[in-house]
Amino acid sequence: MLSIKNLHASVEGKEILKGINLEIKAGEVHAIMGPNGSGKSTLSQVLAGNEAFEVTEGEVTLNGDNLLELETEERAREGIFLAFQYPVEIPGVSNLQFLRTAVNAMRKHKGEPEMNAAEFMKLAREVSKQVDLDPAFLKRGVNEGFSGGEKKRNEIMQALLLQPKLAILDETDSGLDIDALKVVSDGVNALRSADRAILMVTHYQRLLNHIVPDHVHVLAGGKIIKSGGRELALELEERGYGWLGIKDEVAAQ
Amino acid sequence: MATTDKEVKELIKREYEHGFVTEIESDTFEPGLNEDVIRRLSEIKQEPEFMLEWRLKAYRRWLEMEEPEWAHVDFPKVDYNSISYYSAPKKKEDMPQSLDEVDPELLKTYEKLGIPLHERAKLAGVAVDAVFDSVSVATTFKEPLEKAGVIFCPISEAVQKYPELVKKYLGSVVPAGDNYFAALNSAVFSDGSFVYIPKGVRCPMELSTYFRINAANTGQFERTLIVAEEGSYVSYLEGCTAPMRDENQLHAAVVELVALDDAQIKYSTVQNWYPGDENGKGGIYNFVTKRGACIGKNSKISWTQVETGSAITWKYPSCVLRGENSVGEFYSVALTHNYQQADTGTKMIHLGKNTRSTIISKGISAGRSSNAYRGLVKFGPGAEGARNFTQCDSLLIGDRCGAHTFPYIESKNKSAIVEHEATTSKVSDEQMFLCRQRGIDPEQAVSMIVNGFCKEVFKELPMEFAVEAGKLLEVSLEGSVG
Amino acid sequence: MKPAPTLSSAFLQPPGQTLPAALLALRQQRGTALADLPLPTRKTENWKYSSKYLKLTDEIAATLPVSGTPAAAAPGYCAVLRNGVLVSDASNLPAVAGIRVRRFSELSDDEAATLAQRLDGTLDRQAVQLAGLNSARFEDGLLITLEPEAVLDQPLFIIHETGAESSGSAFPRIYVDAARHSKATIVEEYTSSGTAVAMTNTVTEFTLGDGASITSVRLAMEEQNVQHLGATGVRLLDNARFESHCVGFGGPLRRHDLQVRLEGPGAECKLNGVVVTQGKQHYDNHTTIEHIAPHCNSEETYRNIAAGESHAVFNGRIHIHQDAQKSNADMNNKNLLLNNGAEIDTKPELEIYADDVKCAHGATIGQLDETSLFYLVSRGIGRRDANVLLTMAFINELVDQIPVEAVKETAQARLSDFFDQTFQEA
């Protein structure tokens, strides 16, 4: 489904990604782990098309089509979804209005009829329950005054509504207590299906106890230096990143 | 993320929708201003003697005054002798008695502006007074209003029919010598609306005046007076447009509101005068004095304005809170782009006990425009327990525009409390990225973010207008992505 | 309309001639420019609330004589100026490598010429026209130069004493030139002696080179027979930092304009101010922060307390220029009105020409919180003491930040006297 070949990317002239190669097939769940500053978040931003990052080399295809040619919103409509590490607030724009606009943009792209306010409200209420968000949140401004955990649940709710082909979860577990982690993981597990791929970017392996990956990759210094199965994550937890020859203060603590 | 910024700038480009000219024969005065012009004007309007005297007094006062220069706007001096002070479509007889007698060209004009005046197409629940250049051409729903005892008519008609009311209240809130433009208006005002809501009456429908400048080289000097007697309520809306012309045109209006005990006046404006072209050529000079007096106990005056037009705006809808427990409100959205300049805000003058006021001002600047909030919150010695809350937010789109805040806060009462906050922000790259990542068009995203920024003000508008205002901003933000 | 009164020519009579030629010429030129200067009225925007307190009568036009022994002294490094002229005997100037404190009158002709070119360079002269009278009248002045990397190990106290044994005005003038990476704390205390009608008309300027750091503390404590018309101008280059703490006690006229120009990327300023007024006193602080370069920060916090029939004014202006992207500016002004009869006027202004900036201002006017007052009283504290406690609390946060212990103590003692008088037992 997603194929990344020799991807190089830089921000403000500084190269962060130095040749990433990765193949993700439909139905698979991949986890990318790595110490802080290894380029994990950059990878997810680049895939979503953030213009702050410049792709200097390499290619990325989604089902054979060149992804890098597409604008951010076109990628979204082709099925790329990014759950942000730090979701931004948009004061005054209600979550409901925002989500309906997004869902209808998607439906229009697929040639489906747009949903009216009542239909959408019904759908949104159901989905919000799935991530344990009070439907009252739908009326509030996008992420406005949400706690960290609420923001993350809101991201997952959006994924459930938009039904992407590839969901990229950027540090979705950060800032979550154990209960919230469970709710978010259940949401992500509900996303799992044979025609959808999930790419999780995380520093810790605790999320992987709840969402079991098929493949685990270790990213360091802008490159994937090791790939394996679930057991690789466990090993990382036990031994830290040090045994791979990477320094990581956080993991060492 | 410079590209995003560029896109946002592209998005703000827009076309003015209401720039057409109505081809109609008009009676227009030669340009120039002197006492004879005022006498002629008063004669045409068949005014009683007191009105002429009042005008002349104002004119003499105006001659002695100097044009204000303190506003944060910059424009060439207006030549008051190059303007025509009266222009009206030629009439077959005196005053159209019913809509059937109104020139079809005029009806077409208003229909094109989205304000149908025909019996069959009238806006449901909204009575409209249509003012074309210097005269009112039609007023709808006269009958049901009369039944309720509400007077809603052109002010020129009121001067003849209700001279006592006019004498009592005209100039009672904005005296003829209040300021330069108010004095000019008092001398030469042509038409506008008069509203009188009797004691205890809740006006059965929204009242609305639609102002249209059509003729070239004319000034529009409208005068509106609304009196709400004890325990009454009225919601009044005002809309304005003008053709696209290369010359600047002057609009100097005065609006006076009077609220007696327990009365409420809600005054909403969607101002969409021609703003000039993208090089700053043409557009309306909008110099307006709007003031409401909460004379009675528990009275309330609420101003809501959405300002997207005019080359230059100079406007401070204000409230004098005299009655105990009276309430003043000001909700404003002002959008400027290209070379538009706006200096707008409000004055809340707290004189009575426990008076309260709220100011929410949202300024959006784009292009090379300049957008200033200027406000005064004043507590007199008698304003025991008075309160004000002010919030001024500015949104900048592009790095060539200016956003300014000049709030004056004065207090002489120790129990009065004022809180003022102001912030400045831009449409952030992060917000744009989030919207686009969810598949939303950049145009729609900017429009959504700007509308969200204005939400607190839009929710104060009557339903019909809220939709119009939202659309107006959308039109303002329409364009192609670069 | 009758013409507005202008500055009396008595104020422009030539002062003493003991300065180097270049400075004499500058003074002359500034004086000429002030001829027929219209005096501010209620309609003059930056004197809107204060013009009625200004009494520039011919009585105070004369320059106060230098003679007489200054009463004031300070610990550590100190420069005592009586009526604008350094009194060497009473002073203890720092002997630190790279730092020089000199009178204008002792400068060589070359140095004086350079200084003459730089004087007023930190100020928007149009905005401080009246305080600028100082440039036409300074009798002498103090030039403080810090060479690159020089660090003043202790604060330097500048004691400005206006000796009002007879009527007239003092025109103290200070210029601080802090070269790159130099560092100093400079305290200015304004005091007065004598009971004749008088005025302090003072201008202090700071120029900060790359990475220089100056902390300025300013106490305005003249007696009630003395008007104060002062201006401070500051210019900061790359990564320089200016911190200011002003504490002002009301008087017949108190006016201080503080203008800060952030001209180099990374420069920052922090401006704190406390003003208390009582009786029929007046105080007017006008501050301007010019964000000229990108990536600069400014933070401003001013608190006013007005009691009796006094009048406190604050006008804070933040101006973000077009190239000053990534500016952060935060201004906060809170006011406490203790009596009906007193007046507080505040105008926090923003003028913004760059879009990628974070600017906010907040202003409040109010009275002591009844709930807190009740809480204290219910714990057995007398109503008067409770009032004093809460009023002090309103400004403590700022007083505590004064980085020079001796000044903090002086300020605290004066403030506590002030509150004793304000809240006299009924």
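Since every read-out is calculated from the coordinates, none of them should be taken as a lab result. Please read all numbers here as calculations on a predicted model, not as lab measurements. FYI the Cβ positions are ideal-geometry reconstructions off the backbone, even for glycines, and counts take in every protein chain you see.
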Of the residues B:A127, B:I359, B:P317, the Cα lying farthest along the dipole of chain B towards its positive end, which is defined by charges on the beta carbon of Lys, Arg, Asp and Glu, belongs to B:I359
Nothing charged except the Cβ atoms of Lys and Arg (+1) and of Asp and Glu (-1): what's the magnitude of the dipole of region A:2-252 about its Cα centre? Round to the nearest 20 debye. 400
Over the protein assembly as shown, what is the percentage of antiparallel beta bridges among all DSSP beta bridges, to the nearest 5? 20
Among rounded, prolate and oblate, which fits the protein assembly as shown when a ≥ b ≥ c are the square roots of the eigenvalues of its C-alpha gyration tensor, a/c under 1.5 means rounded, and a/b larger than b/c means prolate? oblate
Residue span C:T41 to C:A95: 0.36 nm per residue of separation minus Cα-Cα distance leaves a gain in nm of 14.7 nm
Pop the C-beta distance of A:K122 and C:L390 into the FRET formula with R0 = 60 Å and round what comes out to the nearest 0.05. 0.65
Of the candidates C:A393, C:F374, C:T410, the farthest towards the positive dipole end of region C:368-426 (Lys/Arg Cβ +1, Asp/Glu Cβ -1, centred on the Cα centre) is C:F374
What net charge do the residues around C:A97 carry, taking every other residue with its C-beta under 12 Å from that of C:A97, with Lys and Arg at +1 and Asp and Glu at -1? -2
Spin-label point model (7 Å from Cα, Cβ direction): what's the A:K129 to B:E17 distance in nm? 4.1
Count the DSSP beta bridges whose two residues both fall in region B:2-477, then state the antiparallel fraction as a percent rounded to the nearest 5. 10
Per 5 Å bin, what percent of the C-alpha pairs of chain A does each bin hold, from zero upward? 1, 6, 13, 17, 19, 17, 13, 8, 4, 1, 0, 0
Under 5 Å from the placed amide H of B:N388, counting only residues 5+ away or on other chains, we find B:S357, B:I417, B:V418, B:E419
Estimated [θ] at 222 nm from DSSP helical runs (n ≥ 4, -39500 (n - 2.57)) normalised by residues in chain C, nearest 500: -5000 deg cm²/dmol
B:I397, A:I246 arranged by Cβ crowding within 10 Å, fewest neighbours leading: A:I246, B:I397
Quick one: among C:A79, C:A220, C:A25, which has the greatest mean-square fluctuation in a GNM of chain C with alpha-carbon springs under 10 angstrom? C:A25
How big, in percent, is the set of alpha carbon pairs in chain B lying more than 32 Å apart? 38
Fewest to most Cβ atoms within 10 Å: C:C78, B:C392, B:C319, C:C246 sort as C:C78, C:C246, B:C392, B:C319
Cα centre as origin, Lys/Arg/Asp/Glu Cβ charges: chain B dipole, Debye: 1380
Pick from C:D120, C:D238, C:D385 the residue whose mean-square fluctuation is largest in a GNM of chain C, springs joining Cα atoms under 10 Å. C:D385
Among the listed pairs B:K57/B:K353; B:K266/B:K315; B:K108/B:K199; A:K18/A:K226; B:K300/B:K412, those beyond 26 Å (Cα-Cα): B:K57/B:K353; B:K108/B:K199
Using alpha-carbon positions, the gyration tensor of region A:1-132 gives root eigenvalues a ≥ b ≥ c; with a/c under 1.5 called rounded, otherwise prolate if a/b exceeds b/c, else oblate, the class is prolate
Relative to the present Cα-Cα distance, how much length would full extension add between A:A26 and A:R107 at 0.36 nm per residue of separation? 27.0 nm
Please work out whether chain C counts as rounded, prolate or oblate from its C-alpha gyration tensor, where a ≥ b ≥ c are the square roots of the eigenvalues and a/c under 1.5 means rounded, while otherwise a/b larger than b/c means prolate and anything else oblate? rounded
Would you work out which of C:G163, C:G194, C:A178 lies farthest towards the positive end of the dipole of region C:150-204, given +1 charges on the beta-carbon of Lys and Arg and -1 on that of Asp and Glu, about the Cα centre? C:A178
List the aspartates and glutamates whose Cα sits under 18 Å from the Cα of A:K139, skipping any in the same chain fewer than 8 residues away. A:E89, A:E119, A:E126, A:E150, A:E155, B:E456, B:E460
Would you compute, from DSSP H runs of 4+ residues alone, the mean residue ellipticity of chain B at 222 nm, taking -39500 (n - 2.57) per run and dividing by the full residue count, rounded to the nearest 500? -7000 deg cm²/dmol
Relative contact order of chain B, defined on C-alpha pairs under 8 angstrom at six or more residues apart (%): 13
Residue-count net charge about A:V201 - beta-carbon cut-off 11 Å; Lys, Arg +1, Asp, Glu -1: -2
Rounded to the nearest 0.05, what FRET efficiency do B:E49 and C:S9 give with R0 = 41 Å and r taken as the Cβ-Cβ distance? Could you check? 0.15
Alpha-carbon centroid distance for the pair region C:91-169 / region B:136-208, whole angstrom: 65
Calculate for chain A the 222 nm mean residue ellipticity that helices alone would give, adding -39,500 (n - 2.57) per DSSP H run of length 4 or more and normalising by residue count, nearest 500 deg cm²/dmol. -11000 deg cm²/dmol
Chain C - percent relative contact order, Cα under 8 Å, separation 6 or more: 10
For C:G194, what residues show an amide H to amide H distance below 5 Å, using hydrogens built from the backbone and excluding near sequence neighbours? C:A164
Below 8 Å, C-alpha to C-alpha, sequence gap of six or more: please give me the relative contact order for chain A in percent. 28
Cβ neighbours within 10 Å from other chains - mean over C:20-32: 0
Share of antiparallel DSSP beta bridges in region A:2-252, in percent to the nearest 5? 60
Determine the dipole magnitude for the protein assembly as shown: charges of +1 sit on the beta-carbon of Lys and Arg, -1 on that of Asp and Glu, nothing else is charged, the reference point is the Cα centre, and the result goes in debye to the nearest 20. 1620
Cut-off is 10 Å between beta-carbons; in what order do C:R261, B:R356, C:R27 appear when sorted fewest neighbours first? B:R356, C:R27, C:R261
